[in-house]
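Reading through the structure tokens given below for one structure.
Laboratory data are not the source of any read-out in this text; all were calculated from the coordinates shown. As the structure is a computational prediction, the values presented were derived from the model and not from experiment. Every residue, glycine as well, gets a Cβ built from its backbone with ideal geometry; the counts of neighbours run over all protein chains shown.
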Amino acid sequence: MNKAFIEKHLSPGSRGDLGEIILFEEIDSTNAESLRLLKAGRTGSWIVLAQSQTAGRGRSGRSWSSYPGAGIYLSLVRRFTLAADALQSLSLVTAISLHAALTALGVQNLQLKWPNDVLHEKRKLAGILLELHKMGSTLHIVFGVGINLDLPEHAVKEIGRPVTDLNSLTAKAVDTEELIALFINALLPNVIHFEVAGFSPFQDDWNRLDCYINHDIVIQNGSQRIIGKSLGVDSSGAQLMQTATGRQTIIGGEIFPSLRERVAGSPT
Ligand code: BTN
């Protein structure tokens, strides 16, 4: 990983918006390091990158497999004046931005899974974990992104869920520095747009890319389980579902394909 190569591909706008790129050979978690820097009083915008993580964090308290060379482990920190409840839909905007960067590099047939996974044929390629830091009235968001590059066989077994990596999807090795820069170039303008206009300009993009729209799904939110058909997202980024008792709007949780779909051959 080379900072200068990332900087070379950044747009003038991104270069202006972004502070330092901090690179570690190994760290517990780029999100945890970003939060430590925020707690120590650092403000503004920066990126933390690591070649490997010893305690990579995933959503819902899971860990994120982070062997050296197996993935990109990145956290982008940015200051906000948004209300904290905007966080969920901002994570959808992050997934849309990552999808755009990967597609621009020639990775084809990628889809999104609510609220923020990037999938290829229902196998997870990338995950996103947004974390919030508030001190007084100052709010920062840590955009944590993990992209699978070249997962060793033992990591695939450990993860135990359907996953894929860029190495399996592209004939030519992806330029990781270029991918990181393309992602930042997509994310920062989208975030500015989101701050002004909210999620609604992104609703159609999401629904076009949504892997499970019009499919039977199960959403698990803590101990709550909702079964129905996905109707995509509404203009606030909430998941819409047609259930036996009517239409429901869901703001948190994780999607699983319905048992019927799994039996029909979905690997998830
Ligand atoms: C998910 O569970 O899908 C979210 C995974 C997010 C992983 C990334 S890797 C870089 C950043 N640092 C972390 O500890 N987690 C995020």
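Mind checking which of 222, 71, 19 has the largest fluctuation in a GNM of the chain, springs on alpha carbons under 10 Å?
222
Based on the alpha-carbon gyration tensor of segment 212-264 and its eigenvalue square roots a ≥ b ≥ c, which shape applies: rounded if a/c is under 1.5, prolate if not and a/b is larger than b/c, or oblate?
Since a/c reaches 1.5 and a/b is larger than b/c, the shape of segment 212-264 is classed as prolate.
Near the amide H of residue 121, under 5 Å away, which other amide H atoms are found, from residues 5 or more places off or on another chain, if H is placed in the peptide plane?
111
Using the Kirkwood formula over every pair of different C-alpha atoms, what hydrodynamic radius in Å results for the chain?
Answer for the chain: a Kirkwood hydrodynamic radius of 18.9 Å.
Can you name the helices of the chain, as whole DSSP H runs, whose Cα span along the helix axis is 30 Å or more and whose Kyte-Doolittle mean is not below -0.5?
Both cut-offs are met by 176-197.
Work out from phi, with θ = phi - 60° and the Karplus expression 6.51 cos²θ - 1.76 cosθ + 1.60, the ³J(HN,Hα) of each residue of segment 72-79, listed in order in whole Hz, and give x for Gly and Pro.
9, 10, 9, 10, 10, 10, 8, 7
Say each of residue 247 and residue 8 gets a label point 7 Å from the Cα, pointing the same way as Cα to Cβ; how far apart are those two points in nm?
5.1
Taking the alpha-carbon centroid of each part, what is the distance from segment 229-245 to segment 134-195 in angstrom?
Result: 26 Å between the Cα centres.
Once you list every other residue whose beta carbon is under 15 Å from the beta carbon of residue 168, what net charge do they have if Lys and Arg are +1 and Asp and Glu are -1?
0
Classify segment 18-125: rounded, prolate or oblate, from the alpha-carbon gyration tensor (a ≥ b ≥ c, eigenvalue square roots; a/c under 1.5 rounded; otherwise prolate if a/b is larger than b/c)?
Oblate is the answer for segment 18-125, as a/c is 1.5 or above yet b/c matches or exceeds a/b.
Straight-line reach from residue 157: which aspartates and glutamates have Cα under 18 Å away, leaving out those fewer than 8 places along the same chain?
165
In the structure displayed, which of 3/172; 172/229; 8/172 lie more than 32 Å apart, Cα to Cα?
172/229
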